[in-house]
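Where a number appears in this text, it was derived from the coordinates with a stated rule and is not lab data. Predicted model, so just to flag it, every value in this text is computed and none were measured. Backbone-built Cβ (ideal geometry, glycine too); neighbour counts: all protein chains shown.
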Amino acid sequence: MKIKKYLVNSVDEALGKIKKDLGSDAYILSTKKVVSSGALNIGKKNMIEVTAASDDISSTKDNISKNLLNKKYGINKLDKLDNKIEQPILPFDKNDILNGSNNDKTLESMLFLKDEILPLKQEVEEIRLLLRKNSTELNNQTDFKGIYLEIFLDLMEAGVEKKISKKIVDTLVFQITGQAYNDRDIKKKVFEIIKALIGNPSPIKIVNGKRKVITLVGPTGVGKTTTIAKLASYYKLMESKRVALITNDNYRIGAEAHLSTYAKILNVPFYSVYDRKDLSFRLDELKSYDIVFVDTTGRSVEDTKGLEEIDRIIKEIPMEQREIMLILSATTKSEDLKNIYKKYSIFNPEKFIFSKLDETISLGNLFNLKMESDIPIAYFTTGQQVPEDIEIAYSRRFANKIFTRRRSL
């Protein structure tokens, strides 16, 4: 990847320089307003700092992103990852051995420490497992034993609800009864069960000649506006689609300006609407566009009137063009997620977007919600960078983060 920063006076100036330096396939990673010193350091001047990048990977016209949205994980190699063997962590730098380091005493000391530490680690692990088992048996939570108990406890520790954890292990026991499996195969099998329960992702699909109106709903602070900016950037810069942005978020201070700034950077139409008639009028103006993203006001689950108001506005979007996505934060507690989902079901969301995966170590809470709904997941967001920190919600990525300890799977 080639990355460059530009300090410019206007968005048009930035776009011209980016296209000249990085080509027409370049995309914008981030923008921010900065104050720069004037000539001879006299006075100050408001400017825009734009960070742009270009990939060596050539873009495709596939509806599902095979470049930007999943370049971190290699979509085409996902099926091979099951057989990937993780390299052991050594207590010394392997280059010391390969390069014939003269620091033999240091190496000997490290090896000695390794021999001393390993038995201690094993002992601590045995104590931890014993405490877990005793705790489980005293509370009469399950009749599982051995490797099945270990898997059950790992799921519970990851935040997966007891009833769901039990169903997964029951399914596992049923599937392998009467067959010869070692512990490693059993752990791999439960991983595949979890992947199957999560299901395939459902990103946006664009059909030529048919406009999509993608509406994001969700509570305040989950990242609706930034996520729209990421998706709009991708479809504009990588898929060469005609994109437009609309916001109904007139409630939060600065929300309109936030999305308006991205629209200027991308050089796409932007409108702020206040009611059903306003939205209908703007959508008529945008008939020739491939995809229109609609940002909505974040409302508390207790604000029934506010939610109903948003619903009335959204219903102005033609049914055959409408696609509603509910965005939820990975940092939200399991019970709160269920409550939000229940209240936001007024919109009949067709897909989930799970945000802020970079701010948590486990997705057991999201898995609990997914198990209680038939709604597929479209995307994960993993940071604040636009448009880079978004990816298609593949089940392997989700399953990997359900567990706080990778040792189990």
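Could you derive backbone 3J(HN,Hα) for the range 287-293 from the dihedral phi with the Karplus parameters 6.51, -1.76 and 1.60 (θ = phi - 60°), listing whole Hz in sequence and x where the residue is Gly or Pro?
4, 7, 8, 7, 8, 10, 9
Cβ under 15 Å from LYS277's Cβ, LYS277 left aside: what net charge do those residues give with Lys, Arg +1 and Asp, Glu -1?
-2
Which entries in LYS4/LYS224; LYS241/LYS342; LYS167/LYS333 show an alpha-carbon gap greater than 24 Å?
LYS4/LYS224; LYS241/LYS342
Count the DSSP beta bridges whose two residues both fall in the range 182-309, then state the antiparallel fraction as a percent rounded to the nearest 5.
Within the range 182-309, antiparallel bridges account for around 5 percent of the total.
Could you tell me which GluC sites (Glu not before Pro) in the range 314-366 are loop residues by DSSP with no more than 11 other beta carbons within 10 angstrom of their beta carbon?
Taking the range 314-366 and a limit of 11 other Cβ atoms within 10 Å, the loop GluC sites (Glu not before Pro) found are GLU320.
Pop a pseudo-label 7 angstrom from the Cα along the beta-carbon direction at both GLN175 and ASN348 and give the gap in nm to one decimal.
3.4 nm
Describe numerically, in nm with one decimal, the distance between label points set 7 Å from Cα along Cα→Cβ at ASN400 and at ASP336.
Output for this residue pair reads 2.7 nm.
Output the relative contact order of the range 212-393, whole-number percent, from Cα pairs under 8 angstrom with separation of 6+ residues.
In percent, rounded to a whole number, it is 27.
Determine, for MET238, MET47, MET319, the number of other Cβ atoms within 10 Å of each Cβ, and report the residues in order from fewest to most.
Starting with the residue having the fewest Cβ neighbours, the order is MET319, MET47, MET238.
Run the numbers on the range 208-269 and let me know its relative contact order in percent, using alpha-carbon pairs under 8 Å that are six or more apart.
Relative CO of the range 208-269 lands at 28 percent.
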